[in-house]
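Here the structure comes first, spelled out in structure tokens, and everything after it is commentary.
The values are calculated or read from the model by the stated rules, or taken from the named source; none is laboratory data. It should be emphasised that the depicted structure is a prediction, and the values quoted were computed from it without experimental measurement. As a convention, Cβ positions derive from the backbone with ideal geometry for all residues, glycine included, and neighbour counts pool all protein chains shown. Accessible surface is based on the protein model in full, side chains and every heavy atom, while ligands, DNA and RNA are left aside. Shrake-Rupley method; radii C 1.70, N 1.55, O 1.52, S 1.80 Å.
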Amino acid sequence: MSSPVSSATEPDPILVCVAWPYASGPRHIGHVAGFGVPADVFARYQRLRGARVLMVSGTDEHGTPITYEADRVGISPREFADRNNAIIVEDLRQLGLSYDCFTRTTTRNHYRVVQEVFLRLYEKGYIFTRTQLGAVSPSTGRTLPDRYIEGTCPICGYPEARGDQCDNCGNQLDPVDLIEPRSRIDGERPEFRETEHFFFDLPAFADRLREWIEGQAHWRPNVRSYSLNLLPDLKPRAITRDLDWGVPVPLPGWRERPDKRIYVWFDAVIGYLSASIEWARTRGTPEAWREWWQAPGARGYYFMGKDNITFHTVLWPAILLGVGDLNLPFDVVASEFLTMEGARFSVSRGRVIEVRDFLSRYDPDALRYYLTTAGPETTDTDFTWAEFVRRNNDELVGTWGNLVHRTLVQAHQNFGAVPEPGALTERDRRLRAEVEGGFSAVGGFLDRARFKAAIGEAMRLASLVNQYLAEERPWHRIKEDRARAATTLFVAIRCVDDLKTMLTPFLPFSCQRLHEMLGYTDVIAPQPRVREVEDDGGAHLVLGNDYEARPRWAPSCIPAGRPLPRPAALYRKLDPRVVDEELDRMRARA
Ligand SMILES: [Zn+2]
């Protein structure tokens, strides 16, 4: 066995924290473009190089939008969350996102961990109470969240400003400042009542956060500068809400109150920690999470959309600093936004495509390929059906699929096995060296979360092998010089085997099939499974699996003589007419 090329010693533990999808409905492809797919590519690559990876997330299920949506549908918040959790888990499974533990924020374990963190911060004096004015619906007696209140902007006079922000002048607002405030649910005028809440003392961490963020030269520059700009304006931030749906406040006199709950933002960020603890407990090794959260060499990578940077570079790190014995994030990988056919995703305008709808007609690897090569890694990008079809047909099928197909078909038809090579020519050796160099080039990009560059390099190498085959033409030469054709196909098969390994993080479904077509019998791209896990509050779904971390990020050693089964096509070429069909579907939804 050859050893992995990217590191000589055993890699440090890698924690992969993926933003928690809000359980308000099915996910659309914009949701998974920015964090789900990149995080999975990263985790799969790290496992292939032998790192012990823990990838965690879950559905974020508290907060007022859930209670309002549940009311609208006429079911309890819990039922509403159950329904959406099950849908989202299935979406993520079908996409092949290899979470170790994808759970939810309504488990007893999560409640316990959130309350422990709250108490630790409270005991250290980082949490205090303060009275503020809160909007209440006079007819229901329920708290109205800021974004459910609208009125005239006190700064610019815009008549439809929201309680949290004016979309006209962009200023942050407080609902109590609005002129003529009204509820967006029923139009009634809210009452403002004094209410006591807990606040987290963010300014206490400003200096330590600045020092820490300034030292993170490896972060994407926009993430670093955006985060530094937030620090001068840090204010204490409310961590409780007038609400009956959420984690109870773990203090005497508060715990029993039905109308006070921990604010959803505070409980959701703690989910990374609680999911890790759940994973460890479920395996019967309750202390194992510490390896990813407390060991000095462990690295935590956080994946999210750019609208969530604040939570991951300021709020969560401040909580971690306050708790005191947990590792800060190593990298915060924020992506930009994906738009669709030139405009923002909009459920109400039908300008949206849900993951499950997409996967009912197209293969998950085709979507993963598109989102990696044309996704919003560092700039906002636009999903178009025309570009999806073009990339699928010209690149995935035309370059990579074609290379695999002609190599394996020739080898299978003429030899039925990996052909026995003669002496390699200078040209053969040059090609092998270049393709083998991909392990450090592609791996280097992946280590720095540069996904587009990584897959671009792998595809460039695939083109080189295609070019080699076009020059050597083993299918012609087979008649006059069978030995040379055998050598050429042997070289090409080793290159295909190398590229299979490099592309496995991006294209796990097709690369596993290719792995088997190359005569391997083990699993290179394990897939997550949905299980029901018992919690002391009941049972809940968990998406996860035990993925082996076995170093295989290394050049092919596939032996000559290994029998090759009959190859099948890895990818489907799409009829260009699907572009118009999909655009018609989109118009019909609008
Ligand atoms: Zn305004």
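Can you tell me which condition A554 does not meet? The list is (1) free of Cβ contacts under 8 Å to residues at least 24 places away in the same chain; (2) open to solvent by less than 40 Å² (accessible area, probe 1.4 Å), and all the others hold.
It is condition (1) that A554 fails.
Can you go through A486, A470 and tell me which one is out of contact with any strand residue (DSSP E or B) (no Cβ under 6 Å at 6 or more places or on another chain) and in contact (Cβ under 8 Å) with a residue 40 or more places away in the chain?
A486
Any idea which of (1) open to solvent by 10 Å² or more (accessible area, probe 1.4 Å); (2) out of contact with any Phe, Trp or Tyr (no Cβ under 7 Å at 6 or more places or on another chain); (3) at pLDDT below 95; (4) closer than 28 Å to R261 by Cα is the one G63 doesn't satisfy?
(1)
Somewhere in the stretch 329-349, is a residue farther than 25 Å from F451 by Cα, assigned by TED's automatic domain parsing to the domain that holds P203 and not polar (S, T, N, Q)?
no
For the stretch 220-234, does any single residue satisfy the condition of being open to solvent by 50 Å² or more (accessible area, probe 1.4 Å) and either in contact with a strand residue (DSSP E or B) (Cβ under 6 Å, 6 or more places away or on another chain) or within 16 Å of the ligand (Cβ to nearest atom) (or both)?
No - not one qualifying residue is present in the stretch 220-234.
Give the residue that is farthest from the ligand (Cβ to nearest atom), with candidates limited to residues of the stretch 178-192 that are touching a residue at least 40 places away in the same chain (Cβ under 8 Å) and in a strand (DSSP E or B).
Filtering first and then ranking leaves E191.
Looking at T131, T103, can you tell me which residue is surrounded by fewer than 22 Cβ atoms within 10 Å (Cβ to Cβ) and away from the ligand (no atom under 13 Å from the Cβ)?
T131
Yes/no per residue for (1) in contact with a Phe, Trp or Tyr (Cβ under 7 Å, 6 or more places away or on another chain); (2) open to solvent by 10 Å² or more (accessible area, probe 1.4 Å):
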{"residue": "T107", "(1), (2)": "no, no"}
{"residue": "H110", "(1), (2)": "no, no"}
{"residue": "Y126", "(1), (2)": "yes, yes"}
{"residue": "V136", "(1), (2)": "no, yes"}
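Just a yes or no: is a residue in the stretch 222-239 of a type in the set (S, T, Y), assigned to a strand (DSSP E or B) and on the phi < 0 side of the Ramachandran plot?
no
So for the stretch 141-149 (the condition being within 16 Å of the ligand (Cβ to nearest atom) and open to solvent by 30 Å² or more (accessible area, probe 1.4 Å)), does at least one residue qualify?
Checking the stretch 141-149: at least one residue is within 16 Å of the ligand (Cβ to nearest atom) and open to solvent by 30 Å² or more (accessible area, probe 1.4 Å).
Quick test of your reading of the structure: A86 fulfils all but one of (1) of a type outside the set (V, I, T); (2) open to solvent by less than 10 Å² (accessible area, probe 1.4 Å); (3) in contact with a strand residue (DSSP E or B) (Cβ under 8 Å, 6 or more places away or on another chain); (4) part of a helix (DSSP H, G or I). Name the failing condition by number.
The one condition A86 does not meet is (2).
Any chance the stretch 561-580 includes a residue that's touching a helix residue (DSSP H, G or I) at 6+ places or on another chain (Cβ under 6 Å), touching a residue at least 12 places away in the same chain (Cβ under 8 Å), assigned by TED's automatic domain parsing to the domain that holds E436 and aromatic (F, W, Y)?
Taking every residue of the stretch 561-580 in turn, at least one turns out to be touching a helix residue (DSSP H, G or I) at 6+ places or on another chain (Cβ under 6 Å), touching a residue at least 12 places away in the same chain (Cβ under 8 Å), assigned by TED's automatic domain parsing to the domain that holds E436 and aromatic (F, W, Y).
Working only within the stretch 315-336, note down all residues that are surrounded by 21 or more Cβ atoms within 10 Å (Cβ to Cβ) and modelled with pLDDT under 95.
A334, S335
Are any residues in the stretch 153-177 open to solvent by less than 30 Å² (accessible area, probe 1.4 Å) and near the ligand (Cβ under 10 Å from one of its atoms), and if so, which ones?
Passing the criteria: C153, A161, C166, L173.
For the subset of the stretch 408-434 comprising residues that are farther than 22 Å from A458 by Cα and either in contact with a His (Cβ under 7 Å, 6 or more places away or on another chain) or among the small types (G, A, S) (or both), which member is least open to solvent (accessible area, probe 1.4 Å)?
A411
Being among the acidic types (D, E) and either within 16 Å of the ligand (Cβ to nearest atom) or surrounded by fewer than 15 Cβ atoms within 10 Å (Cβ to Cβ) (or both) is the filter here, so list the residues in the stretch 193-203 that pass it.
Within the stretch 193-203, E194, E196 meet the criteria.
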